[in-house]
Every structure is written in structure tokens, then in C-alpha cells.
Amino acid sequence: MTKTTRRIVLAGAAATALPLSARGQGANDLKGTTVVFTSWGGAYQEAEKVSYCEPFEKATGAKVVQDGPMNVAKFRAMAASGTPDWDVVDVTGGFLEVAIKDGLLEKIDPKLVHLDRIDPRFVSDYGVGCIVWSYNLGFSTTAFPNGAPKTWADLFDLKKFPGKRTLLDQPVASLEVALLADGVTPDKLYPLDVDRAFKKLDTIKSQTVFWTTNSQSQQLFVDREVVAGIILNGRVYDAAQKGAKIDLSWEQNIQAVDYLVVPKGSRNRNAAMRLIDTMTVAENQTRVANMIAYSPTNLAALKGIDPKIEPWLCTTPENLKRGFVMSQTYWRDDLAKLTERWTAWKLA
Amino acid sequence: MEARVTAWLVLPAVLLLAVAFLGPVGWLLARAFTYPEPGLQNFAALWERPVYLKVVGNTLLISAIVTPIVVLLAFPVAHLMAHGSARLRRWLIFLVLVPFWTSLLVRAFATAILLQRHGLVNSLLLSLGVVEEPLPLLYNFGGLLAGCVQVLLPFVIFPLYSSMARIDPAYMKAAATLGANPVRAFVRVYLPLTLPGLMTGGILVFISTLGYYIIPALLGGPRQQMISQMIQDQIAAFGNWGIAGALSLVLLAVTGVLLLLLQLTVGLKEIAR
């Protein structure tokens, strides 16, 4: 069963990979090359391995070694050494901007990567978006029999929607949500009106539990510790799959992108670029989405999506329209300062 | 001759410590003065921005509250262990060791399961009619306290037990014969003899709590931010080795001062006895 599916995917990949050979890269021309791929571990990296790395190995003869999890301090140390062990790394959009500024990345080679396959919102000079995820309003389906919360303003409405809520233990996304709840429109959001955001956050602080890891955000809903809060779309999907009474709203979902990047000084730069190119193929992205419900950056990948998965993705035309992409350059410049203020706010 | 052989056998452990511990720690601490440029700017930043000092103060305060609670709870357990029957002692040692051998993470989650809104403790209180609404036991100071205390109890129980087991019961009898009432005999004779165990355990708990990371993150609330979490944030999120080094140095300095105080009051020799 799995085998058949894989063959279909590969056939698709081969068909789309045709322009590659036109550029003079025949099959098996990377035999003997080893590329180290680093991501976040778990089911996600497994999906990436099956969907990107294995087709890449088949097509080029190269070998891909899995490593991880991605760690900012490690990445920095490697790039600084000039001879990184990692060749292709899955990083968050926030780190992408920091790494560009600090010169830690190889520029993406448009001759080797089909950037036109990816929605331009998710392409950078130094990284290619591989998945999109979003911060959504998650809520308990049993706590509000008279109508569930829909908007970020509802999250701050303790009268209409009483009970404990959960926010991330970081200013990223929390400040955006506070301002959206206060009536700021997404196009006027950046630069953030920080004072106003904290003032708004004050109104629910006493009713808030803060989560530090994604699994914790999920667990808080499973244990009925909270009735609503900010949570990633994929985590609501996972919790719902496991039987939790949870759902999400797509209203003003805040989107963030994971990018594949090549650390500065990679000894396998060209092979690394071509592994990234394999990621851009629609069929490969479809496979990741069907395995783990993360949203594709190549919108053509939506065609093959399992109808059960589709409503959970943030890059379907419908959900894309209702959301917006978080400004990572804003956070690159202000993260340290605002994290300090966030901690001070929590302690106050 | 024998001493010289032993001295050589110590070498691998010393080397391992030097390479795997002292080296990296020294490197991190040096960063406090060299990152991003040589100077004292990292310490100036700690001093100028109230949030850092607040977290350091917070950490000290939490440790100062956790330590006496652990010591008070451990004392009767150790006493029973030292002076109860052999059978009771075996059971007590077993009961203290099992959680001691269990992973910290597992124990933190176990505490969370007990204390959460729909957890065991709240369900019991609700069904008994003691409370009408679930009590907020988790994600606040109480949750942090419960977690720290249960994890750290063995660190006081065992040193105390070893001190107490060495106390000759004849001392207490002698005190009674000489006219001391039980309270006086306890305070003047028994307690001073347990002091080495008490101080060792207390210091262990205090220093361990200073460095706690997982417990406050999982069980504490927004106000229970501790210094280790901040050091981790500075490195993992911002790659700011300078501030992280400076915070680590503060943590190390506080620990050093405490050990010095201990040396001046009780004497480390006494503890090592």
C-alpha cells in the first residue's frame, strides 16, 4: 500500500523534475555525495525524510543523513566555524531573518532551485519556505454551549467567554493577538504598539496560563485546564485526532513559515540546493501535508490533499485569505528587548 | 605507596571534569567579559535593567522558602529512619529511594496530574464538599513549591539520617539523668549533633533550587521565573552568550558566597565528617 503510494509520488516527482535534466543534471550525478539534513525531529522530520530526502536520494544517487534537532546555538557555532556539519536545515522564519542579518547563510541559487513553484510570500533570498503554520484561536467545544469564541476579541472577553485561557510564554504572537483583539487591523499592525498590547494583555493576565512547548499547549486543552487560547493549527488537529474536545477559528490566523536553508560554508552547497529543490515539488509537499497536516508553500500541492486534512491547513485559499503572515523582520530587531519586557510584565 | 596509587586512579575523573565541565563552564563565564566585545557591558546591562535583578532576587527568594520547608519535612522522616525498627527503616529507605531514582520530568508531570484543575486533589476536595470550585493549585507559587519540595526531600533525608544514625542514644539518656527535660535535651544535645547533616542537606537543597529549570517551567506561574530559564533563553533564543555568561557568573557567585558563609559558621570540615 505504502509502496504504491510512494511510486506514484516518485513518478510525479520525476515528471516535474524534467526541467532539471534539461539543465544538464542527469540521474545519479551526485553519487558519493552525503548531505546532512537537520530538522525538528519526531513525526515532522520523518515526513520530510520520506517526502524530500528519499526522492532526492533516488533521483541523484546522493545519500542523506538525518540529524537534529535544530538548535540555534549549535547552528551559530557551526556557521562561525566555517565548516558546518549540517548542509540543509529546517529553521523558523524568526531565525531565518536573524541568520541573514548575521551572515550565517548561503544564498539560495535560483539556477538550482525552482523558486517559481513556491508562493512568493514564502520565498526569501536565503531560504525557501517548506511549510506554513498558523497561530489560531483554539477553544473547547464543550465549554461554550451558547456559541464558541470566534475572534481574538472573544479571547479577551472574560464576560462572554469565562474561564482560563492560554497564551504562549513569549511576546511573539501574543502581542499581535492583543492588538488585533483591541481592534488594530492586520495591515496597521507593524510596528507593534507595544504599550497598547501590554495594556490589553493586563485584562486577562490573572486568567492566563502560559505555555512554553507546543505539546504543553495541547495538553492544557486535553486536561481541561483552559477553555480557549492561542495554539498552532497543527496542534489542534493532533489533539482533535486523539479525541480532545477542541476546535479552532481561522479568523485572523497569524501565519509563520519554516524555511529550508543552507548554513554558510556548507561543503555540499550544490547538492544542498538540489535537495531544497526536491522540496519545492508539489507532490512531495502534498505528501508531507497528508502525513502531518502542515500547509504547503507550493500551492499546487493542495490539489492532492486528503479531504480530511484540507480544512486544517492554513494555505487553502479560504484560510489564506483570513490570515496574514507575521513580520519576522520586526521580531528580528525587537525580540530581545521585547522578551525582556515580557518577562518584566509577567513578574509585575 | 597506596595513597600514590589512589592518586593516579583519580586522574581520569579529574581529566573528565576538566575537559567536560571546567572547560565549557570557564568558556561560558569568560564570555561574560568578552561577548560581544571586551568590557563590563554585560554586567552593566544586568544592573541597569530591573528585570534581571528581579529574576535573581526571585530565584533566591524561592530557594529560601523551599529550603526550610524541605528541612522541616525531612527531619521527622530521617528521625524515624534512624531510630525506628530495622523493618521500618528498610521500608522508609525504599519509599524515599524509588522517587529519587525516578526521572525529574516524570515526577514534574506526576505532580501536575495531581494538582491540575480536574486532577486527583481537586476531584477529592470537590467530592468531599470541602470546596465548590476547583482550587488553583498549579501554574502558581504553590505548584512550584510542591514540585521542588517533593523532588528535593531525599537530599535532606539521607544526610540527616546518616548524622542521626551516628548519635549514641546514651547521650539523650545522659541529658535526662542530668536533669534536662526532653525539649531541652533535644535542643541542646540532639539538634547540634544533627547539624552537619542538616546543613549539608539544606545547602544541597538551596543550591539545587537556585539552578532549577524544568520545575518552574512546568509547574510554576508567570511570576515564578527563575534564573536558569533566563540563561537558557539568552543562549537558545538570542545567542547572547554575554548576558548568559554574566547571569551564570551571578549564580555561581551566589553559590560561592553561600559556601563561604557555611565555612565561616559551621565549617565545611564539620560537614565532610
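For the options B:Thr59, B:Thr209, B:Thr102, a Gaussian network treatment of chain B with springs between C-alpha atoms closer than 10 Å singles out B:Thr102 as fluctuating the most. The amide H of A:Trp211, built 1.01 Å from its N in the peptide plane, has A:Leu167, A:Leu168, A:Asp169 as neighbours under 5 Å, considering only residues 5 or more places off or on other chains.
Near A:Cys314, the amide H atoms lying under 5 Å from its own belong to A:Ser295; only residues 5 or more places off or on other chains count, and H is placed 1.01 Å from N.
Relative to the longest principal Cα axis of chain A, at what angle does helix A:2-16 sit, 0 to 90 degrees, rounded to 10? That helix lies at roughly 70 degrees to the long axis. For the pair B:Gln263 and B:Glu37, the difference between a 0.36 nm per residue extended length and the Cα-Cα distance amounts to 77.7 nm.
Computed about the Cα centre, the dipole magnitude for chain B is approximately 760 debye when only Lys and Arg (+1) and Asp and Glu (-1) carry charge, each at its Cβ.
Could you tell me which of A:Gly304, B:Gly256, B:Ser162 has its Cα farthest along the dipole of the protein assembly as shown towards the positive end, charges placed at Cβ (Lys, Arg +1; Asp, Glu -1), taken about the Cα centre? Ranked along the dipole, the leading option is B:Ser162. In chain A, the ratio of gyration radius to Kirkwood radius, Rg to Rh, stands at 0.99 when only Cα atoms are counted.
Starting from the Cα of B:Ile214, move 7 Å in the Cα-to-Cβ direction to define the label point; list residues of the range A:190-231 whose amide nitrogen is under 17 Å from there. Within reach of a label on B:Ile214, which here means backbone N under 17 Å from a point 7 Å along Cα→Cβ, the range A:190-231 contributes A:212-216. Proximity of backbone amide H atoms, modeled 1.01 Å from N, is registered between A:Gly229 and A:Gly138, A:Thr166 at under 5 Å, excluding neighbours fewer than 5 places apart on the same chain. Of the beta bridges in the protein assembly as shown, as assigned by DSSP with both residues counted there, near 60 percent are antiparallel. Cα centroid separation, the range A:86-147 to the range A:176-244: 20 Å. Report the charge-dipole magnitude of the protein assembly as shown in Debye, nearest 20, computed about the Cα centre from +1 at each Lys and Arg Cβ and -1 at each Asp and Glu Cβ. My answer is approximately 1420 debye. Can you find, among B:Phe238, B:Pro76, B:Ile207, the residue sitting farthest towards the positive end of the charge dipole of the range B:34-272, where Lys and Arg contribute +1 and Asp and Glu -1 at Cβ? Of B:Phe238, B:Pro76, B:Ile207, it is B:Pro76.
Once the Cα-Cα distance is subtracted from the 0.36 nm per residue extended length, the B:Phe238 to B:Ile113 segment shows a gain of 41.7 nm. Counting Cβ atoms of other protein chains within 10 Å of each residue's Cβ and taking the mean over peptide B:47-54 gives 3. Is the range B:39-97 best put as rounded, prolate or oblate by its Cα gyration tensor, with a ≥ b ≥ c the root eigenvalues, rounded for a/c under 1.5, and otherwise prolate when a/b is larger than b/c, oblate when not? Prolate shape, in that a/c is at least 1.5 and a/b is the bigger ratio. A Förster distance of 56 Å, applied to the separation of the beta-carbon atoms of A:Asp67 and A:Leu158, puts the FRET efficiency at 0.75.
Using θ = phi - 60° in the Karplus curve 6.51 cos²θ - 1.76 cosθ + 1.60, the 3J(HN,Hα) couplings for the range B:240-245 round to 8, 5, x, 5, 4, x Hz; x is entered for Gly and Pro. Once the Cα-Cα distance is subtracted from the 0.36 nm per residue extended length, the B:Asn181 to B:Leu95 segment shows a gain of 27.6 nm. Using θ = phi - 60° in the Karplus curve 6.51 cos²θ - 1.76 cosθ + 1.60, the 3J(HN,Hα) couplings for the range A:237-247 round to 4, 4, 5, 5, 4, 8, x, 5, 8, 9, 9 Hz; x is entered for Gly and Pro.
Quick check on the exposure proxy: order A:Cys130, A:Cys53 from fewest to most C-beta atoms within 10 angstrom.
Details: A:Cys130 27, A:Cys53 24.
Sorted ascending by nearby Cβ count, the order is A:Cys53, A:Cys130.
With an a/c value of 1.5 or above and a/b not larger than b/c for the gyration tensor axes a ≥ b ≥ c computed over the alpha-carbon atoms, the range B:34-272 is described as oblate. Within 10 Å of the Cβ of each residue in B:232-245, the mean number of Cβ atoms contributed by other protein chains is 4. Computed from backbone phi, the HN-Hα couplings of the range B:191-205 come to 4, x, 6, 8, 3, x, x, 4, 5, 4, x, x, 5, 4, 5 Hz, rounded to whole numbers (Karplus: 6.51 cos²θ - 1.76 cosθ + 1.60, θ = phi - 60°; Gly and Pro given as x). The Cα atoms of the protein assembly as shown define a convex hull whose projected area, averaged across directions, is 37.0 nm².
Sorting the Cα pairs of the range A:187-270 by distance into bins of 5 Å, from 0 upward, gives 3, 10, 16, 16, 17, 13, 10, 7, 5, 3, 0 percent per bin.
Per residue of A:216-226, how many C-beta atoms from partner chains lie within 10 Å of its own C-beta, taken as a mean?
Averaged over the peptide's residues, the number is 3.
No lab work stands behind these numbers, since they all come straight from the coordinates. Predicted, not measured: the structure shown is a model, and the values here were computed from it. As a convention, Cβ positions derive from the backbone with ideal geometry for all residues, glycine included, and neighbour counts pool all protein chains shown.
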